[in-house]
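The structure appears below as structure tokens.
The values are calculated or read from the model by the stated rules, or taken from the named source; none is laboratory data. Bear in mind the structure is a predicted one, so any value in this text is a computation, not a measurement. Don't worry about glycine lacking a Cβ; one is built from the backbone with ideal geometry, like all the others, and counts go over all protein chains shown. Just the protein is used for accessible areas: all its heavy atoms, side chains included, with ligands, DNA and RNA removed. Shrake-Rupley method; radii C 1.70, N 1.55, O 1.52, S 1.80 Å.
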Amino acid sequence: MDVVLSIRGLFAGYDRGDILRGVDLDVERGGVTCVIGPNGAGKSTVLKVVSGLLRPRAGDVALDGERISGRSARQILDHGVVHVPQERSLFPSMSVWDNVLMGGYVLSRAALRRRIDEIVSRFPIVRERRRERAGSLSGGEQKLVEIARAMILEPRVVLMDEPSMGLDPKARRVVFATIRQLNDAGATVLLVEQNARSGLEIAGRGAVMETGAVRLEGVARDLLDNPEVARLYLGSAARSLGDRG
Amino acid sequence: MRLFVQAVILGLLAGGVYALMASGLTLAFGIMRVINVAQGVMIILGAYVSYTLFTHFGVDPFLSVLFVVPVVFVLGVVIELVFIRPLRPSEREELSLLVTWAVALGIEGVLGLVYSTTYRSTIPSYANAAWRIGGFAVLQVQVYAFGLSVVILAVLGVVLAKTRFGRAVRGTVQNPASAALLGVDERKVAAIGFGLSVATAAAAGAVYGVVTPFNPGSHYDLISLLLTIIVLGGMGSLPGTVVAAVLMGVSQALLATYISPTSAKLTFFILLIGILVVRPQGLFGAVERGKL
Ligand SMILES: Nc1ncnc2c1ncn2[C@@H]1O[C@H](COP(=O)(O)OP(=O)(O)OP(=O)(O)O)[C@@H](O)[C@H]1O
Ligand SMILES: [Mg+2]
């Protein structure tokens, strides 16, 4: 497997105690890797360490073999790792257009102009709703703009934390289809999802996190077929139908 | 009726200058959640610098703005670096009140030593020149001060709306975590934003001294006025601040005309209590995070 991002023996936490207790995870180049697991398992915490929002107490994160853990969020961004957080992250009183421009905050004027043309052609919503306040968009539309904004930097790895959270089934399908398309176009995605089935279905590889560590890791298809994963995370037939909308 | 119109005109002109004084407070609060109670003393500082340039070098007070703004900007950046940055984010909102109050008293003390507590006023040759428009007399300096305030506010507005730095400021105000994730250096935004916020106040101060006599203690009155305006405007909303400032200017002028000049000093008190009872979120109902 061609690994672009490699996480080894990660320990990290907030004010008291470790939330992550030895996380190991590999992200395949050009693929979607989907992390599932119960609330509070530490999935978001892993993404925060990778993007530099949180410093690990021990362990390493390496991007193409180069150690990035312990660097500042800005330095990690400059290395091409972009984080779309779990919470809504648009600037609600800014226009959609200004939000997307903010995605290229670190770019030069010329590079920004070049990139924005491509983003507009790939995400028509950015042009159609350009003057509207981002906060006035629906949850699904906001998520698409967040994803568009993240793609401005042509990231080597996109970290996406529960992009389908709080969306209705139709919006969810659009979001998953969009991630698929990005991936087809070559983007590497590390995806965290509560909708385990939908997440694993668009992923090449998957991992199950519990209480601060990765319990299972492998080909997404195998995890979907794993009876224990099915029982614990893919839920009853009703729930998985709900997940798929 | 004549009296009424005259009072409204005066109030509008004063309100424009108040808007410039208060918008910096709103900016700093929006970016850093810091209530800078040294804003009043920055205005007085601007007034003294302008006064000195005028009495010693004959520099016109409206020209002296070009000197006052950069100097006070640098002072503001230094204050941010030395006094505000070391505060931990969790306690910044409260401790910054104490810290900036200490800065205010410190600067007031220095001004007292240098200039004594005598009231001063910058009196250029045109200080008493007035225009008569349709039977109403308006002092030219008041119109100039209003015009200057409008220009500076407009520049500030364009910077915030159209530039990369402006987007970084608005982003930090609306969602600091998200701005940081996109590569905005919050500390740089804070330092520059704080510098700008006090520099605009000092610009207002440079011309304030032409309209109103002042001494080092004048900042107490000013800061009460400004705090009322930003509460009225809904903490963190620039358009709200401007409207509240104009409202304040007009009500003060009306009270001074119909009741007494001393009662005008109580305007802020009356308005503040009234607003806090009826609309605690301010006229513009600002939400948790600002909308700059
Ligand atoms: N900022 C924080 N400060 C303190 N504790 C936190 C903070 N953020 C998360 N935690 C704690 O860390 C643990 C793991 O949180 P994390 O957000 O990583 O879980 P998660 O797997 O993403 O869960 P969810 O599926 O609910 O998003 C939880 O117990 C949570 O309460
Ligand atoms: Mg989470």
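Can you give me the accessible area per residue for chain A, using a 1.4 Å probe, in Å²?
43 Å²
Here each label is just a point 7 Å from Cα along the line to Cβ, and for B:Thr163 and A:Ala230 those points are 6.2 nm apart. Given a cut-off of 31 Å, name the pairs among A:Lys143/B:Lys162; A:Lys48/B:Lys188; A:Lys170/B:Lys188; B:Lys162/B:Lys265; A:Lys43/B:Lys162 whose C-alpha atoms lie farther apart than that in the structure shown. In this structure, A:Lys170/B:Lys188; B:Lys162/B:Lys265; A:Lys43/B:Lys162 lie more than 31 Å apart at Cα. Where only DSSP H runs of four or more residues are counted, the protein assembly as shown gives -18500 deg cm²/dmol as its mean residue ellipticity at 222 nm, each run worth -39500 (n - 2.57). For chain B, the longest principal axis of the Cα atoms and the long axis of helix B:140-162 meet at an angle of about 20 degrees.
With protein chains left intact and a 1.4 Å probe, residues in the stretch B:24-217 average 42 Å² of accessible area per residue.
Buried accessible surface for the B/A pair, both sides summed and rounded to the nearest 100, is 1700 Å² with a 1.4 Å probe. Burial here means at least 10 square angstrom less accessible surface with every protein chain in place than with the chain by itself, probed at 1.4 Å; in the stretch A:35-60 the buried residues are A:Leu53. Just so you know, the Cα atoms of chain B work out to an Rg and Dmax of 18.6, 59 Å. Ignoring ligands, DNA and RNA, what percent of the 1.4 Å accessible area of chain A is carbon and sulfur? Its accessible area is 47 percent carbon and sulfur atoms. A convex hull fitted around the alpha carbon atoms of chain A yields 119 Å³ per residue. Here B:Val114 and A:Ala185 are evaluated by their C-beta separation; at R0 = 51 Å the FRET efficiency comes out at 0.15.
Residues of the stretch B:131-172 buried by at least 30 Å² of accessible area upon assembly of all protein chains, compared with the chain on its own (1.4 Å probe): B:Arg164, B:Arg167, B:Arg170. For the stretch B:64-73, 3J(HN,Hα) computed residue by residue from phi via the Karplus equation (6.51, -1.76, 1.60; θ = phi - 60°) reads 5, 3, 5, 8, 4, 4, x, 5, 6, 4 Hz, glycine and proline entered as x.
Can you give the extra length, in nm with one decimal, that the chain gains between B:Lys188 and B:Val82 once fully stretched, where that is 0.36 nm per residue apart less the Cα-Cα distance? Can you show the working numbers first?
Details: separation 106, 0.36 × 106 = 38.16 nm, distance 1.37 nm.
Contour length minus Cα-Cα distance gives 36.8 nm.
Seen against the Cα atoms of chain B and their longest principal axis, helix B:89-115 is set at about 40 degrees. Converting the Cα gyration tensor eigenvalues of the stretch B:175-292 into ellipsoid dimensions via √(5λ) gives semi-axes, longest first, of 30, 20, 10 Å. In the elastic network of chain B, a GNM with C-alpha springs shorter than 10 Å, the most mobile of B:Leu25, B:Leu181, B:Leu254 is B:Leu181.
To the nearest 20 debye, what is the magnitude of the charge dipole of the stretch A:88-154 about its Cα centre, counting +1 on the Cβ of each Lys and Arg and -1 on the Cβ of each Asp and Glu? Intermediate values should be presented prior to the final figure.
Values: 13 positive and 8 negative charges, 26 e Å.
That gives the stretch A:88-154 a dipole magnitude of about 120 debye.
Return the carbon/sulfur percentage of the accessible area of chain B, one whole number, probe 1.4 Å, all protein chains in place. Walk me through the numbers before you get to the answer.
On the way: 9060 of 12520 Å².
Using a 1.4 Å probe with all protein chains present, chain B comes out at 72 percent carbon and sulfur.
Once the chain from B:Ala177 to B:Gln6 is taken as fully extended at 0.36 nm per residue, the excess over their C-alpha distance is 56.7 nm.
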